[in-house]
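One structure is given here, and the rest of the page talks about it.
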Amino acid sequence: MPKSKFLPRGRKDRTAVLVDIRPTKSAKACDIFLQVRPGKDFELITILRALIKDQKVSEEAVAETGVSLEQCNDLVDRMKKAKFGCMFFGMGLSMTRGKHMNSAALLTLATEMNAFTKFVAMPMRGHGNVTGADVVMRWQTGYPFGITFNRGYPRYNPGEFSTVDVLVRGDTDAAFIIGADPGATMPQPAIDHLARIPTIVLDPHITHTSKLSRVHITTSVAGISAPGTAYRMDEIPLPLKPALKSPYPTDEEVVRRIKDAIAKKRFWMPEGEQMITAQI
Amino acid sequence: MTLTVVNNATCTFCGCVCDDIELHADEIKIHKAKKACVLGTAWFLNHTAERKYPDALIDGKEATLDEAIEAAATYLHEADMPLVYGMSNTTCEAQRECVALADLLGGLLDSHTSL
């Protein structure tokens with residue numbers, strides 16, 4: 001870990017705390033491990049939010065989370081003493097009981113910590129350019145994900161417009177999948193619905209989703225045979241330097257051609273025309 | 001055989017997006033990925049420039065790119081509530097086109113973030 005002006009001893013000047021439902025390999029690499037009871041993330045975060053403001057918390061409420069009051073107080077103390085704190089969170093938080101409300105609670109905790117010291121929160125990313133998708137959607141629509149254009153302007157509501165929920169409820173009647181393999185990762189009812197509706201897949205490989213799709217288009221691999229830009233997890237855009245030439249078209253080209261083909265058809269809204277037909 | 005060297009290449013396997021990889025490649029595949037981690041090395045070395053798959057598939061049968069694009073456009077245009085999803089293993093330029101596509105369709109737009 002790098003040494004710096006403010007942290008001359010590198011790793012020794014830093015404190016890493018892991019919160020998980022079981023001791024994983026990461027626990028050994030961290031200074032403190034807190035074992036939270038499954039599904040009690042929201043409760044633990046809310047207790048921490050109370051403790052940083054010196055509010056009273058009942059012993060029973062703390063005991064329910066699986067973490068002791070001493071551990072919580074120690075953590076709050078360390079957080080307040082830190083010069084710069086960062087919370088990393090992943091799918092363990094957003095895909096368990098409480099879902100996006102857990103993430104919202106953690107983001108609020110990070111916000112409230114700024115009354116004492118500098119604190120930020122950052123989602124952990126599994127795949128290459130998920131951060132880029134957030135950034136591009138924020139730039140174009142004002143929202144990071146879970147968006148609908150069904151009134152002609154963007155609206156945002158995770159839980160209502162997020163993919164898993166939309167598929168499990170069976171709301172959507174066509175799906176366009178790019179750079180993802182929901183057929184391998186999503187819950188079975190969502191996969192079943194994808195197989196029922198016309199699904200279109202753009203991928204460099206024949207994936208699980210391709211096998212249940214109506215249309216599969218093979219594209220080149222971003223960063224290996226397709227140029228472009230990708231965002232690092234901390235929102236730094238980096239240029240891609242492809243080393244190979246692919247016989248397949250890029251995602252960008254195929255999406256643009258599909259979009260152009262749709263633009264030639266009748267616009268979906270009964271009144272009015274689409275105002276922007278091309279990206280500037 | 002001489003290999004072309006790409007300095008400071010960017011790895012898009014995971015969210016870290018390392019940008020100091022040294023790639024040694026010929027026309028078909030990458031032979032060496034210096035400074036890449038285990039995951040990054042596997043990512044770079046497992047992709048080739050070969051034509052492994054058909055250009056496109058419609059209902060599991062081989063089709064041309066033009067046919068597939070027309071079929072995709074028809075399916076999406078006919079839908080009342082189309083969904084545009086994914087966008088993680090692709091470039092920002094393609095993501096921008098996806099936003100425009102969802103906008104044009106009046107559909108849903110979502111990424112891996114919602115998982």
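Laboratory data are not the source of any read-out in this text; all were calculated from the coordinates shown. All figures in this text were calculated on a predicted structure; none of them were measured in a lab. Cβ sites come from the backbone with ideal geometry, for glycine too, and all protein chains shown count toward neighbours.
Data table
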| read-out | value |
| --- | --- |
| Alpha-carbon centroids, segment A:24-70 and segment B:45-70: separation in whole Å | 50 Å |
| Compactness relative to 2.2 N^0.38 Å, alpha carbon Rg of chain B | 1.36 |
| Ellipticity estimate at 222 nm from DSSP helix runs (n ≥ 4, -39,500 (n - 2.57)) divided over chain A, nearest 500 | -10000 deg cm²/dmol |
| At least 30 Å along the helix axis (C-alpha) and Kyte average at least 0.5, DSSP helices within chain B | none |
| From phi via Karplus (6.51, -1.76, 1.60), per-residue ³J(HN,Hα) for segment A:244-255 in Hz, x at Gly/Pro | 10, 9, 8, x, 9, x, 7, 4, 4, 5, 5, 4 |
| Filtered trypsin sites (Lys or Arg not before Pro), segment A:241-273: DSSP coil and at most 13 other beta carbons within 10 Å | A:Lys245, A:Lys264, A:Lys265, A:Arg266 |
| Of A:Lys118/A:Lys241; B:Lys32/B:Lys52; A:Lys53/A:Lys83, pairs whose Cα-Cα distance is over 24 Å | A:Lys118/A:Lys241 |
| Karplus-derived HN-Hα couplings along segment B:12-23 (A = 6.51, B = -1.76, C = 1.60, θ = phi - 60°), whole Hz, x at Gly and Pro | 10, 5, 10, x, 5, 6, 4, 10, 10, 7, 9, 9 |
| Computed lengthening from A:Trp139 to A:Lys53, 0.36 nm per intervening residue step minus Cα-Cα distance | 27.5 nm |
| Förster radius 22 Å - calculated FRET efficiency between A:Phe84 and B:Lys35 (Cβ-Cβ, nearest 0.05) | 0.20 |
| Proxy reagent accessibility, fewest Cβ within 10 Å first, across A:Met233, A:Met269 | A:Met269, A:Met233 |
| For segment A:180-280: Kirkwood Rh in Å [reciprocal of mean 1/r, alpha carbons] | 16.1 Å |
| Estimated FRET transfer efficiency when R0 is 30 angstrom, pair B:Glu67-A:Ala184 (beta carbons, to 0.05) | 0.70 |
| Residue with peak Gaussian network fluctuation, chain B [Cα springs, cutoff 10 Å], from B:Ile21, B:Ile30, B:Ile58 | B:Ile58 |
| Residue-count net charge about A:Ile197 - beta-carbon cut-off 13 Å; Lys, Arg +1, Asp, Glu -1 | -2 |
| Interchain or long-range residues, amide H under 5 Å from A:Thr229's placed H | A:Leu240, B:Cys92, B:Glu93 |
| Neighbour-limited loop hits for trypsin sites (Lys or Arg not before Pro), segment A:77-127 (at most 10 other Cβ within 10 Å; DSSP other than H, G, I, E, B) | A:Lys83 |
| Residues A:Asp31 and A:Glu60, FRET efficiency given R0 of 22 Å [Cβ-Cβ distance, rounded to 0.05] | 0.20 |
| Under-5 Å amide H pairs with B:Ala36, H placed in peptide plane, nonlocal only | B:Glu22 |
| DSSP-defined antiparallel bridges as percent of all bridges, segment A:130-263, nearest 5 | 40 percent |
| Amide proton proximity set for B:Ala56, modelled H, under 5 Å, gap of 5+ | A:Thr218, B:Ala63 |
| Convex hull volume of segment B:65-114 per residue (C-alpha atoms, cubic angstrom) | 82 Å³ |
| Shape of segment A:10-123, Cα gyration tensor, a/c cut at 1.5 | rounded |
| Scaled radius of gyration (Cα, divided by 2.2 N^0.38 Å) that segment B:4-46 gives | 1.02 |
| Proxy reagent accessibility, fewest Cβ within 10 Å first, across B:Leu57, A:Leu18 | A:Leu18, B:Leu57 |
| Karplus-derived HN-Hα couplings along segment A:194-205 (A = 6.51, B = -1.76, C = 1.60, θ = phi - 60°), whole Hz, x at Gly and Pro | 4, 6, 6, 9, x, 10, 10, 10, 10, 7, x, 10 |
| GluC sites (Glu not before Pro) within segment B:1-53: DSSP coil, no more than 12 neighbouring Cβ in 10 Å | B:Glu27, B:Glu50 |
| Packing-based exposure ordering (other Cβ within 10 Å, fewest first) of A:Thr117, A:Thr65 | A:Thr117, A:Thr65 |
| All-pairs Cα distance distribution in the protein assembly as shown, expressed in whole percent, bin size 10 Å | 5, 21, 28, 24, 15, 7, 1, 0 |
